[in-house]
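Colleague: Okay, handing you the structure first.
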Amino acid sequence: MKTYTASHLSEGNKLFACKITIDDKGVTLKVPGFLSGKESTVLYNHISAVDIESPMIGYSTIYIETTGDGKITAHGFTKAEVTEMKEMILSRM
């Protein structure tokens, strides 16, 4: 199990940074909030594609497309982190 935490300096993560956890069952995105939070888990067999966006300057974004459940988008990670996440997810699909 590996957990990645977005930078507090990135857009949308000032107070509460999102976290992505990759374990044996699937991928979990947790976005904490002041009074409530949001948590989404996608099993590997429901993931259809994983894309990353890595600008030369700034933080990277990972997009996890699912079959029927929409898309998980998380911003605020380093290029190395999103590349590692993509490789881990694709190796378990």
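The values are calculated or read from the model by the stated rules, or taken from the named source; none is laboratory data. Everything numeric in this text was worked out from a predicted model, so none of it was measured. No Cβ is skipped: glycine too gets one built from the backbone with ideal geometry, and neighbour counts run over all protein chains shown. Side chains are part of the model used for accessible areas, which takes the heavy atoms of the whole protein and leaves out ligands, DNA and RNA. Shrake-Rupley method; radii C 1.70, N 1.55, O 1.52, S 1.80 Å.
Colleague: For 9, 35, what's the largest-to-smallest order of accessible area, 1.4 Å probe?
Modeller: On the way: 9 135, 35 160 Å².
Ranked list, largest accessible area first: 35, 9.
Colleague: Could you please put 16, 34, 77 in sequence from largest to smallest accessible area, using a 1.4 Å probe?
Modeller: Most to least solvent-accessible, the answer reads 34, 16, 77.
Colleague: Determine the relative contact order of the chain: mean sequence separation of Cα pairs under 8 Å and six or more apart, normalised by residue count, in whole percent.
Modeller: It comes to 24 percent, rounded to a whole number.
Colleague: May I pose another question? Just reorder 86, 25, 71 by solvent-accessible area, largest first, 1.4 Å probe, all chains present.
Modeller: Largest accessible area first, the residues go 25, 71, 86.
Colleague: Under the classification rounded if a/c is under 1.5, otherwise prolate if a/b is larger than b/c and oblate if not, where does the range 44-93 fall, given a ≥ b ≥ c as square roots of the Cα gyration tensor eigenvalues?
Modeller: oblate
Colleague: Carbon and sulfur: what percent of the chain's accessible surface (1.4 Å probe)?
Modeller: 54 percent
Colleague: Something else now. Show the residues, 5+ positions off or on another chain, whose built amide H is closer than 5 Å to the amide H of residue 49.
Modeller: 65
Colleague: Using θ = phi - 60° and the Karplus relation 6.51 cos²θ - 1.76 cosθ + 1.60, list the HN-Hα couplings for the range 74-89 in order, rounded to whole Hz, with x at every Gly or Pro.
Modeller: Along the range 74-89, the couplings run 9, 10, x, 10, 6, 4, 5, 5, 5, 5, 5, 4, 4, 4, 5, 5 Hz.
Colleague: Suppose every Lys and Arg Cβ carries +1 and every Asp and Glu Cβ carries -1, with no other charges. What dipole size does the chain come out with about its Cα centre, to the nearest 20 debye?
Modeller: Approximately 200 debye in magnitude.
Colleague: Could you name the lysines whose alpha carbon sits less than 16 Å from that of residue 25, not counting residues in the same chain fewer than 8 places away?
Modeller: Once the sequence-local lysines are set aside, what remains near residue 25 is 2, 86.
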